[in-house]
1. Looking only at segment 114-145, count every residue that is open to solvent by 10 Å² or more (accessible area, probe 1.4 Å) and touching a residue at least 12 places away in the same chain (Cβ under 8 Å) and tell me the total.
2. When you look at SER99, is it out of contact with any Lys or Arg (no Cβ under 9 Å at 6 or more places or on another chain), open to solvent by less than 50 Å² (accessible area, probe 1.4 Å) and either at pLDDT below 90 or not in a loop (DSSP other than H, G, I, E, B) (or both), yes or no?
3. Restricting to segment 67-96, name every residue that is in a strand (DSSP E or B) and of a type in the set (Gly, Ala, Ser).
4. List every residue pair whose Cβ atoms sit under 7 Å apart, with the two residues 6 or more apart in sequence or on different chains, where the first one lies in segment 184-201 and is outside the structural domain of GLU71 (by the TED database) and within 24 Å of SER69 (Cα to Cα) and the second, anywhere, is of a type in the set (Ser, Thr, Tyr) and outside any helix (DSSP H, G or I).
5. For segment 49-66, give me each residue that is modelled with pLDDT of 90 or more, among the β-branched types (Val, Ile, Thr) and in a loop (DSSP other than H, G, I, E, B).
6. Which condition from (1) open to solvent by less than 80 Å² (accessible area, probe 1.4 Å); (2) farther than 23 Å from ARG186 by Cα; (3) at pLDDT below 90 is the one that ASP81 breaks?
7. Are any residues in segment 165-197 surrounded by 12 or more Cβ atoms within 10 Å (Cβ to Cβ), charged (D, E, K, R) and over 12 Å from TYR133 (Cβ atoms), and if so, which ones?
Amino acid sequence: MSPLLFGAGLVVLNLVTSARSQKTEPLSGSGDQPLFRGADRYDFAIMIPPGGTECFWQFAHQTGYFYFSYEVQRTMGMSHDRHVAATAHNPQGFLIDTSQDVRGQINFSTQETGFYQLCLNNQHNHFGSVQVYLNFGVFYEGPETDHKQKERKQLNDTLDAIEDSTQKVQNNIFHMWRYYNFARMRKMADFFLTHSNYNYVNWWSTAQSLVIILSGILQLYFLKRLFNVPTTTDTKKPRC
């Protein structure tokens, strides 16, 4: 075997070995800049075009709890179907859960570290776009919330009790923030629905008023023609 072929075989073997032994924790990158992982939670609204798909990626560590909630606030276009399809995939690309409704939630425990994919598909609306409000992120139960794998210092019983109480208060505040976002989603959806109904009633009332006025003018015109008396002359006389 030639030295060139032997060296190529060693390179391939090293690549296969490194691929099999790769950890779920994403690498920081070859340069000095660390890998951008984003925040732990997001909430915003997005427009999805007719038949379009929008995807997002959220980083999460192991032993975390992932939450994803959405609500269709309004539709624009010819179609008024407010249903959308939501899917969640793990870092390996496998499907975790789906939801097809006007509003829904996808919650699960994170079994591996990496970027989880969230997708929204406007497949039920081929002639209209939809505005969807999103609220997703990840939180961690327990005293270690930084997940940087640092050695924990030995604390006395008093400081441990304070830390546990503070952690419980922080978790309760976080869940209160989630419920507040649910209320915001419903409030905006109700606002857009009320605004749409208001515009619908105004336009329909205007159209009916114009039809009534036009029909009254036409009736008056035809009634007036019934009482028109034609003028008679020697050459032009009414027929018997």
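The values are calculated or read from the model by the stated rules, or taken from the named source; none is laboratory data. Note that the structure is predicted; figures quoted are calculated from it, not measured. A quick note on method: Cβ atoms are made from the backbone with ideal geometry, for glycine too, and the neighbour counts reach across all protein chains shown. Each accessible area value is taken on the protein alone, full model and side chains, heavy atoms only, with ligands, DNA and RNA left out. Shrake-Rupley method; radii C 1.70, N 1.55, O 1.52, S 1.80 Å.
1. Residues of segment 114-145 open to solvent by 10 Å² or more (accessible area, probe 1.4 Å): 115, 117, 119, 121, 123-124, 126-127, 129, 131, 133, 139-145.
Add one more test, that the residue is touching a residue at least 12 places away in the same chain (Cβ under 8 Å), and what stays is 115, 117, 119, 121, 123-124, 126-127, 129, 131, 133, 139-143, 145.
Residues in segment 114-145 being open to solvent by 10 Å² or more (accessible area, probe 1.4 Å) and touching a residue at least 12 places away in the same chain (Cβ under 8 Å): 17 in total.
2. Numbers: out of contact with any Lys or Arg (no Cβ under 9 Å at 6 or more places or on another chain): yes; open to solvent by less than 50 Å² (accessible area, probe 1.4 Å): yes; either at pLDDT below 90 or not in a loop (DSSP other than H, G, I, E, B) (or both): yes.
Here the answer is yes, as SER99 does meet what is asked.
3. Taking segment 67-96 and keeping what is in a strand (DSSP E or B), we get 67-77, 84-89, 95-96.
If the condition is that a residue be in a strand (DSSP E or B) and of a type in the set (Gly, Ala, Ser), then SER69, GLY77, ALA85, ALA86, ALA88 are the ones that fit.
4. What qualifies is MET185/TYR133; MET188/TYR133.
5. none
6. (2)
7. Of everything in segment 165-197, just one residue is surrounded by 12 or more Cβ atoms within 10 Å (Cβ to Cβ), charged (D, E, K, R) and over 12 Å from TYR133 (Cβ atoms), namely ARG178.
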